[in-house]
1. Tell me, what is the percent relative contact order of the chain, built from C-alpha pairs under 8 Å that lie six or more residues apart?
2. Mind checking which of L358, I226, L387 is farthest towards the positive end of the chain's charge dipole, using Cβ charges of +1 (Lys, Arg) and -1 (Asp, Glu) about the Cα centre?
3. Would you mind checking K242/K346; K313/K383; K297/K346 for any pair whose Cα atoms are more than 29 angstrom apart?
4. How much net charge surrounds L424 when only the other residues with a Cβ under 10 Å from the Cβ of L424 are counted, with Lys and Arg +1 and Asp and Glu -1?
5. Under a cut-off of 20 Å between alpha-carbon atoms, report the aspartates and glutamates in cross-link reach of K142, not counting same-chain residues fewer than 8 places apart.
6. Going by accessible area, probe 1.4 Å, with all protein chains left in place, what is the ranking of C220, C449, largest first?
7. With a 1.4 Å probe and every protein chain left in place, tell me how much accessible area K332 has, in Å² to the nearest 10.
8. How much net charge surrounds T216 when only the other residues with a Cβ under 15 Å from the Cβ of T216 are counted, with Lys and Arg +1 and Asp and Glu -1?
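The values are calculated or read from the model by the stated rules, or taken from the named source; none is laboratory data. Since the model is a prediction, treat every value here as computed from it, not as a measurement. With ideal geometry, Cβ positions are generated from the backbone for all residues, glycine too; neighbour counts draw on all protein chains shown. Accessible surface areas use protein heavy atoms only, side chains included; no ligands, DNA or RNA. Shrake-Rupley method; radii C 1.70, N 1.55, O 1.52, S 1.80 Å.
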Amino acid sequence: MLYMSNLEEKRLRRGVMALSGTNALLRSIPPMEELLHERWALEFSHALGRGQVKNIIASALDEIRRDIRGGQRPELPLPELAELRSLSLLHSQAAPSLKSAVNATGVVIHTNLGRAPLASEALAAVNAVAGTYSNLEYSPEKGEREGRNAHVEGLIRRVTGAQAALAVNNNAAAVLLALSSIAAGREVVVSNGELVEIGDSFRIPEILAFSGAKMTAAGCTNSTRISDWRNAINENTAALLKVHPSNYRIEGFTASASREELAALSRDRGLVFMEDLGSGLLSPLNVPFAAREHPVKDALAAGADIVTFSGDKLLGGPQIGVIAGSKDLIDKMGRHQLMRAVRVDKMALAAFEATLRLYLAARQAEIPVVRMIELGAGVLRRKARRLLRVLREAAAKPGASGFSFSLVETEDAVGGGAFPADALSGFGVAVSSSSRSAESLAQALRTSCIPVISTVRDGQVVLHVRTLLDGDEKRIAAAFSQAL
Ligand SMILES: *Cc1c(COP(=O)(O)O)cnc(C)c1O
């Protein structure tokens, strides 16, 4: 035994296996110590730590023992089976949970898929400060502490025309901080038509309650006139709150008070007029229905004292929330106890500063969200033709028969609660298979190494090209090959 090589030992075990009953099979499972010295185990020890590798191998071996005791005959020689089962567990443990994905849904601002992909300038800015020390809360000129908001406040003021501005963790935090600071212990009037729920349980009535303010709902679902707002005001009212009806639209017989009317009413009664804009449009988009979404600048110009909006919706930057407007109110929010709990992290701040600078340089076409929303039919059709070619090539490989591909028109969407009722017309590639359902093909694409998220329509998988980024065609082809 002393000079027996690893290979000879494995062969010997195989022999034993052939003769054996359950006990012999169990005895021929390789010992842990031996497996831990295999090259693959040493490599995974680097990524996962030896302790974790040991635990994972142990659970693979337990599983094999259980199968054998349950009467199963192993499909492979046991050393190989142990290696295979361990490797499959190790691979799934070592893969990052949060990873890049291909958005082939045509929904540009897709909250489940990470909302806004960042512009390359924003990525570079993150890279420049993430691995080093920085002047995050420090003024090198003065040699003393300075708040992190200083890096973006001037830029926000320039793009929105606001007197003052504050960046926080996201727009939900912006609304909460603003209401807590303005109206805790007092009343806030909201229109019945704007008591919205956004995404995963952000509900205006609940946020209001959480901020310590009492809600007074004015008017009806489809109609809240300025007289309704006026009648809802009493001596304990602190603010009028207008909310962007992000993810729905009320059609038919409707009436609502204009911003100018609300601004005049709140001035007249000494109240704060606050507007939660949601999507943070900084400059008009070049799309047919652009007029339905108002830029932040317009809301402030029409007399809102405070506006709040997201950094990663139409603005196209990182996850951030902005509060912009009157200096007195913003200063008070900056000193509020909640501020510390909702402050922005340095990487988001770096990405946000770089994104704002693109707007100021009139280079917003370099922001992926803006570029994808504005893509015209000609470009989209060319993109779809190219994807069609790449996929046909991938499917020309052996074993890939029975697929058919075609160029199709698609209905894309802005997403992120902007323009909820306006589709963007786009192009894509429809895939169908003679041997496989569209759902099963869509699932195979989703679960490949780089997940590809598509839509299914009329029994076909549809890959929308509007939301594809550089290199995504190759990723889709790879996912496709893997799915075959
Ligand atoms: C999206 C949205 C929010 C929440 O913003 P987050 O940045 O996702 O926290 C709040 N209000 C409105 C009107 C929205 O559209």
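1. So the answer I get is 18 percent.
2. L387
3. Violating the 29 Å limit, Cα to Cα: K242/K346.
4. Spelling it out: positives minus negatives among the neighbours equals -3.
5. Candidates past the 8-residue exclusion: E153.
6. C449, C220
7. 100
8. +1
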